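The structure appears below as structure tokens.
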Amino acid sequence: MLADATWHDELLRYRQRLRTDLTSRQTGVAVVCMIFLLFLPPGVVALIYAVCVLSEVVDFYAFESFVARPSPAAHAIILANTFLSFVAYSMLGVLGWATGNDVAGFTSVLMLAGALLNVSTARAAHLPVGLAAGLPPAAGLTWIAAEVFIANRDGGAFPAVAFAPAAAFLGYTLSALVQNHRAQTRLAAETRRANEASAAKSRFLAEMSHEIRTPLNAIMGLSQALQAPAEPPAVAAQAATIESAARTLGMLVEDVLDLASAEEGRLRNRPVTASIRDELCRVAASRAIRGQAAAAPPVAFTGEVPDLGRFDPVLLRKLLTHVAALLRWHCGCDGPPVALACGPAPAAGLVRIVLDAAGMAAPPAPGTEGPGGALAAALVERIAAILGARIEWTLAGGRPVAAAVLLPVTALPDLPAPGSVEGERRLQALVVDDLATNRFVIVQLLRMLRIEAIEAESGPAALACLEKGAPDIVLLDMNMPGMSGEATFRAIRSASRPWSDVPVIAVTADALPEQRDACMALGLDGYVPKPVDRRLLWAEICAATAPDRRG
């Protein structure tokens, strides 16, 4: 049965190719027939040419039938017609060789070889068609080689000389046919994917155009209204609406950038050791969660939620913000805050974060929902995949009113036991800080963790130490005079030296979440704020030196 979509697409491409080179193909057939009029009876040549022209007509109607209704019968007619047309065309070469005329024989071999070259290129879109078209000229060449062998069977090595080139040429033609078929199939698949991506971008731009026009309408309309005399309360309300619309536009722009980053692979999961509670409280303070409420709603923590864990705080905030935006889009932008709760998940290594918008007013009328629905849905899907999170939606009336995010959180590793093990290999860390006191404190903590330490008081000194021997990890202060921590990190990564990929952890007094996010955006392998917590330092070192950290 011709139910395979790939065969359907291949036949359509083959049909397009036949239509494209129809003129050149028929011109070539006519020229070949005129040449063979020199060697064969005109009636025979005319009959063969008529069959070739008739096959074009049959092909036209067979393909029309196939396009209208793909069926095994139409497919069989196309294959049979292709085979018969090449049988007729190849008969010119067979009959020309049979005349015994040297010029006719030479012309026949060239004509059959040209037919096989045509098969390996123009007929390669659909492999069954290529095989059906290639069998007649291949049989003709084989028959000619057999004729030479029979005529010269007492001629020593001469028969082998006749068969070897024919066999090599036929083998190459078959290989070329298969390779061209694969190349055309890959090209068609890539073209289809590119077209689908282009169509998706077009739909995205259309969605963006629609969504941006809504807040723009509010901004422009109310800006004009503010120019007219109005009571102060009305002016304040209009100004608040303008502010809300402007914020929506800003969110849309950020969402576009996030989606583009995800598409290009630049939005990556960069886990660090952080407080789950602190990050969820930051999310609760965002406008997507609290809506029009003046204060952030409290986060309900239930069960044993770990205080610290390894996850990507930036992606977590993006995911929860967009989930909340999607819930508001379905339930209405105005309303009470989205309820936020966190507790342990049934499976180990997961935290369950619940966003509940069921307390909002009745769903808005169609066309009055907040902006960004399609965009928020796309971002939620992409970011959840990058984080490795799973989302369980709760529906009411066909609309999502709540979502449970199952977030994988890596627990902190246990601290190493005191003392040392005979013969164990100890990690070596390079501690880079311009203050001797800071280096002393970190070195003492590393000794408690059974990690050897070497010290460097500046960026250039750190690079010199790396030249002498690569440590297992670099603990880098980000605020140093002269060559800053960022400049030192960039110099390490761009050094083109064996140690250029050494794991680097930021150990810095820049402890604000925004500063942590900026450090991780540089591509650092970990982040530890000062004052240094021994358990957090150990967790970041274990994660950065794990064998699969680059995977």
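Every read-out reported here was derived from the displayed coordinates using simple, explicitly stated rules and does not represent laboratory data. Values in this document were obtained by computation on a predicted structure and should not be read as measured data. Virtual Cβ from ideal backbone geometry, glycine too; neighbours counted across all protein chains shown.
Data table
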| read-out | value |
| --- | --- |
| Packing-based ranking, highest mean first, of 315-322, 518-525 given that Cβ atoms within 10 Å are counted | 315-322, 518-525 |
| FRET efficiency, residue 277 to residue 57 (Cβ-Cβ, R0 60 Å, nearest 0.05) | 0.15 |
| Under the Karplus curve 6.51 cos²θ - 1.76 cosθ + 1.60, θ = phi - 60°, whole-Hz ³J(HN,Hα) for segment 483-488, x wherever Gly or Pro sits | 8, 5, x, 4, 5, 5 |
| Point-to-point label distance, residue 414-residue 546, nm (Cα→Cβ direction, 7 Å offset) | 1.8 |
| Using a Förster distance of 35 Å, the FRET efficiency for residue 142-residue 189 (Cβ separation, nearest 0.05) | 0.50 |
| Residue order, fewest to most surrounding Cβ atoms within 10 angstrom, among 9, 21 | 21, 9 |
| Full-stretch length increase - residue 7, residue 285 - with 0.36 nm per residue and alpha-carbon distance subtracted | 94.5 nm |
| Integer Hz, Karplus 6.51/-1.76/1.60 couplings in order for segment 432-448, x for Gly and Pro | 10, 7, 7, 9, 5, 4, 4, 5, 4, 4, 5, 4, 5, 5, 5, 5, 5 |
| Gain upon complete extension [residue 426, residue 479; 0.36 nm per residue less C-alpha separation] | 16.2 nm |
| Part-to-part distance (alpha-carbon centres) for segment 6-85 and segment 455-524, which is given in Å | 69 |
| Proxy reagent accessibility, fewest Cβ within 10 Å first, across 455, 540, 190 | 190, 455, 540 |
| Other-chain or far-sequence residues with amide H under 5 Å of residue 458's (modelled H) | 433 |
| Where labels lie 7 Å past Cα in the beta-carbon direction, separation of residue 491 and residue 98 in nm | 8.6 |
| Residues whose placed amide H lies under 5 Å from that of residue 453, excluding near-sequence neighbours | 429 |
| Long-range amide H partners of residue 478 with built H, under 5 Å | 507, 509 |
| From phi via Karplus (6.51, -1.76, 1.60), per-residue ³J(HN,Hα) for segment 513-519 in Hz, x at Gly/Pro | x, 5, 5, 4, 4, 5, 5 |
| FRET efficiency, 1/(1 + (r/R0)^6) with R0 22 Å, evaluated for residue 24 and residue 50 via beta carbons | 0.65 |
| Label-point separation, residue 150 to residue 500 (7 Å along Cα→Cβ), nm | 7.0 |
